[in-house]
Each structure stands twice: as C-alpha cells, then as structure tokens.
Amino acid sequence: MEHQPYTLPDPVGWHGTTILCVRRGGTVAMAGDGQVSLGQTVIKGNARKVRRIGAGGAVLAGFAGATADAFTLLERLEAKLERFPGQLERACVELAKDWRTDRYLRRLEAMMAVADRDRSFTLTGNGDVLEPDDGVIGIGSGGNFALSAARALLTVEALSAEEIARRAMKIAADICVYTNTNVILETL
C-alpha cells in the first residue's frame, strides 16, 4: 500500500496526540501519549486516548483529533462490533461507510487506529480503512515520528511489540512538542 499522510483540519488549535500500533511475534501493542494542548498551552497531561473496546476488550482503539468526535466514533465502532462480533474489518468498513454518508458524522474531525489479535486498521473521515503492510500504524501530531522510529526499531530482533512501542513513543515525545511521555499502552 502506498503511504499518504493525512492531516486533519484544526479549526480551534487543538493538538496533542500520538497513537502508535505495533505488531510483532503474535502480539499487538497500542500506545498513546497523554498530552492535550490548546495552542501553546498544555490543558491536560494524562488523557487516556487508547482503550479496549468490544466483547471482552478484544479490540484496541486509539484516537486522534477532536475528543468529543473521537468518543462518538468509538461508540459507533463499538455498536458495529456488537452487530458483527469477531469481524473487525467488517465493523470498520461499516463505520467508514456511515462516516462518509451521514451528514452529522461527516463533520467529525478525528482519526482512529484499531487492532485485534489478527489485524490492524487506520480509519479516517475520508472513508479510508487502511491496513498497514508492516503491522505499524502511527496517527496524530507525532504519529509520523513514532511510525518512523517503530519501523527502524523493527530491525532489532530482540525487541517485543511493547518495547518497540514504548521506545518509539519516547522518540516521538522528544521531537513533537504536542506529545508527552505519559504513555498508556495496551497489548493483546
């Protein structure tokens, strides 16, 4: 797949999310920093942007963008997972269809990274459901920094998915002023 950067509009100056998903050795790790900023001011340093959803917490979800919009999308995805249990791809495609066609949802400014034990996807407001070739997803203001670091760290055989995610998030936090080191990490 061809990688094309996707930047969300930012009408009010909200920044502050780095979400990273890494697959390695049968494990998937998803990490998100805790910083939320308005302009040049840090509003909150310990926001939880990665969580478990779906039956038994079988899906990891991380969001970037407007918080209320992201929560709306998380709720919609959970409803799709209830309708299509164990079918993450189908739930994502159905959500993407709604996101593109529903007048209310089209205005939502957020992005999501989701993963279960087998697959990982990026969902965007453009109707995209993208699965990475290398098992690594990075979204948000520091997403490209974390993505680059994780891809480089994949060459180190001894590192687990969790270790790669933690190290890559630290690198992103050292570069992106809208990313901090207060990382929430979930694994499957």
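One table, with the values for the structure above:
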item	result
Ranking of ASP116, ASP33 by count of other Cβ atoms within 10 Å, fewest first	ASP116, ASP33
Residue exposure sequence - CYS92, CYS21, CYS176 - by fewest surrounding Cβ within 10 Å	CYS176, CYS92, CYS21
Once the Cα gyration tensor of segment 112-188 is diagonalised, semi-axes √(5λ) in Å	19, 17, 11
Contour excess over end-to-end distance, with Cα ends at ILE175 and GLU157 and 0.36 nm allotted per residue	4.0 nm
Most mobile listed residue (ILE164, ILE19, ILE53) in the chain, GNM with C-alpha springs under 10 Å	ILE53
Alpha-carbon spread of the chain, three principal axes, descending order, Å	41, 40, 32
Sites GLN87 and ARG107, calculated FRET efficiency, Cβ-Cβ separation with R0 45 Å, nearest 0.05	0.95
The chain - percent relative contact order, Cα under 8 Å, separation 6 or more	31 percent
In range of the label at ARG117: residues from segment 43-77 whose backbone nitrogen is under 15 Å from the point 7 Å along Cα→Cβ	55-60
Where only C-alpha atoms are counted, convex hull volume of segment 11-101 per residue in Å³	109 Å³
Residue among ALA172, ALA161, ALA79 with the largest mean-square fluctuation in a Gaussian network model of the chain, springs linking Cα atoms under 10 Å	ALA79
Whole-Å distance, taken between Cα centres, linking segment 40-110 and segment 121-154	16 Å
Rounded, prolate or oblate (a/c below 1.5 giving rounded, otherwise prolate when a/b exceeds b/c) for segment 71-142 by Cα gyration tensor	oblate
Residue with peak Gaussian network fluctuation, the chain [Cα springs, cutoff 10 Å], from VAL177, VAL129, VAL28	VAL177
Net charge dipole size for the chain [Lys, Arg +1 and Asp, Glu -1 on Cβ; Debye, nearest 20]	320 debye
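Just so you know, all these numbers are worked out from the coordinates, no wet-lab data involved. The structure presented is a predicted model; accordingly, all values stated were derived computationally and were not measured. Glycine also receives a Cβ, built like all others from the backbone with ideal geometry; neighbour counts cover every protein chain displayed.
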